[in-house]
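Worksheet for the structure shown next.
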Amino acid sequence: MDKIKIFSPATIANVSCGFDVLGLCLESVGDEMVFEKVDKPGLRIKEITGADLPLELEDNVAGVAGLSLFNRLNPSFGIEMTIHKKIKAGSGIGSSAASAAGAVFGINALCGYPLTNKELVYHAMQGEALASGAPHADNVAPALLGGFALIRSYDPLDIVSIPSPDNLYATVIHPQIELRTKDSRSVVRQTISLQKGIRQCGNLAGLISGLFTSDYDLIGRSLHDEFVEPIRSLLIPNFDGLKQAAANSGALGSGISGAGPSVFALSKGESVALAVADAMRDVVAQANYAFEIHVSKINPIGIKILS
Ligand code: HSE
């Protein structure tokens, strides 16, 4: 294989009760990336479309993640990447993760798949560290593995794929204002009370159980965040109205997507997810900012090869 084109999907990190430890993969929105083997040794970014991002490897999320893997594999040939960004930076749906995960997936593929996708997560995390100052894995893991991914432990890295019900859909509204993950992380409190910790543990365990047993009501009851939503929601316009609209339209639950400003809701079935999208659209209809809304089934595969 000398050339490969991939789709690298958007993701929703945290999923309310799983700050930094849980994420899910979307299928309706993502970046495209092309990787080519070349004679000239080394890794390069040939072109980026759709965003004004640096081509220098060490300043670019895909470059840092890609170099981490490229230096480990040390292939005898060179690789050139072309990145077509479709996910806006600072959107809260894993823009940097799509670049980082896509880079390591493409390089691994051209090298003949020496590593598993799970083993690639570590290298993709190096890109996230550049983007947000923290090598969190709750976007890159679901992008690489599909479905829901749980980071049971960061040290040592232990990632567990969690099944999800077939009829589970996500609605995501993305106000077109940039909220950098670095800034959104800087407002998060470094300590939490035992009571909040207990409630968060209960909800995370409930969500995982609900996903395993396709218990939609349990999934809905568990979608609460004690850790970051109370403070981060202050940075998101119309947050309470969007949550209320999702609940009124039959969503199982809703919350901040990743570091925001996107807001997500989970629903049973596409028709409810579409009704949630309509209700969210009504909430922001009068707003003075543009927005995009995505409705997506949970993507069970993750990154996929287009050609
Ligand atoms: N867990 C990370 C955060 C996800 O909330 O900061 C960022 O997409």
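The values are calculated or read from the model by the stated rules, or taken from the named source; none is laboratory data. The shown structure was predicted, so the numbers you read here are calculated from the model rather than taken from an experiment. Because the Cβ atoms are built from the backbone with ideal geometry, glycine has one as well, and the counts that use them run over all protein chains shown.
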Q: Find the residue count for segment 103-116, including only residues that are crowded, with 24+ Cβ neighbours inside 10 Å and either aromatic (Phe, Trp, Tyr) or within 16 Å of the ligand (Cβ to nearest atom) (or both).
A: 1
Q. Could you list, in sequence order, the residues of segment 79-96 that are among the β-branched types (Val, Ile, Thr), under 18 Å from the mean Cα position of the chain (by Cα) and not in a loop (DSSP other than H, G, I, E, B)?
A. Ile83
(Q) For Asn117, only one of the following conditions fails: (1) in contact with a strand residue (DSSP E or B) (Cβ under 8 Å, 6 or more places away or on another chain); (2) over 16 Å from Arg180 (Cα atoms); (3) not β-branched (Val, Ile, Thr). What is its number? (A) (1)
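Let's see how each residue does on (1) within 16 Å of the ligand (Cβ to nearest atom); (2) crowded, with 18+ Cβ neighbours inside 10 Å; (3) within 11 Å of the chain's Cα centre (by Cα):
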{"residue": "Val15", "(1), (2), (3)": "yes, yes, yes"}
{"residue": "Asp31", "(1), (2), (3)": "yes, yes, no"}
{"residue": "Gly42", "(1), (2), (3)": "no, no, no"}
{"residue": "Pro54", "(1), (2), (3)": "no, no, no"}
{"residue": "Ser68", "(1), (2), (3)": "no, yes, no"}
{"residue": "Phe77", "(1), (2), (3)": "no, no, no"}
Q.
List pairs: first residue in segment 182-205 and in contact (Cβ under 8 Å) with a residue 60 or more places away in the chain, second residue more than 13 Å from the ligand (Cβ to nearest atom) and small (Gly, Ala, Ser) anywhere in the structure, Cβ distance under 9 angstrom, at least six positions apart or on different chains.
A. Asn203/Ser222; Leu204/Ser222
**Q.** Residue in segment 235-276 that is surrounded by the most Cβ atoms within 10 Å (Cβ to Cβ), counting only those that are farther than 17 Å from Arg221 by Cα and polar (S, T, N, Q)
**A.** Ser257
Q: For Ser68, state whether it is under 18 Å from Met125 (Cα atoms) and assigned by TED's automatic domain parsing to the domain that holds Gln126.
A: yes
Q: Only residues in segment 33-44 that are assigned to a loop (DSSP other than H, G, I, E, B) count as the first member; pair them with residues that are among the polar types (S, T, N, Q), Cβ under 6 angstrom, at least 6 apart or cross-chain, and list the lot.
A: none
Q | Qualifying positions in segment 45-58 - touching a residue at least 24 places away in the same chain (Cβ under 8 Å), out of contact with any helix residue (DSSP H, G or I) (no Cβ under 7 Å at 6 or more places or on another chain) and not hydroxyl-bearing (Ser, Thr, Tyr) | A | Lys46, Glu47, Ile48, Gly50, Ala51, Leu53
Q.
Conditions first: (1) in contact (Cβ under 8 Å) with a residue 60 or more places away in the chain; (2) of a type outside the set (D, E, K, R); (3) closer than 27 Å to Phe7 by Cβ. Ser271 passes all but one, so which condition is the exception?
A. (1)
**Q.** segment 114-128 - residue that is in contact (Cβ under 8 Å) with a residue 12 or more places away in the chain and assigned to a loop (DSSP other than H, G, I, E, B) and, of those, farthest from the chain's Cα centre (by Cα)
**A.** Pro114
Q | Where a residue in segment 227-238 is closer than 12 Å to Ser186 by Cα and its partner, wherever it lies, is among the aromatic types (Phe, Trp, Tyr) and near the ligand (Cβ under 10 Å from one of its atoms), with Cβ under 7 Å and at least six apart | A | Val228/Phe19
Q. For segment 209-218, does any single residue satisfy the condition of being crowded, with 20+ Cβ neighbours inside 10 Å, more than 30 Å from Gln286 (Cα to Cα) and in contact with a helix residue (DSSP H, G or I) (Cβ under 8 Å, 6 or more places away or on another chain)?
A. yes
Q: Filter segment 19-29 down to residues that are buried (at least 24 other Cβ atoms within 10 Å of the Cβ) and more than 8 Å from the ligand (Cβ to nearest atom) and give me whichever is farthest from Cys201 (Cα to Cα).
A: Leu26
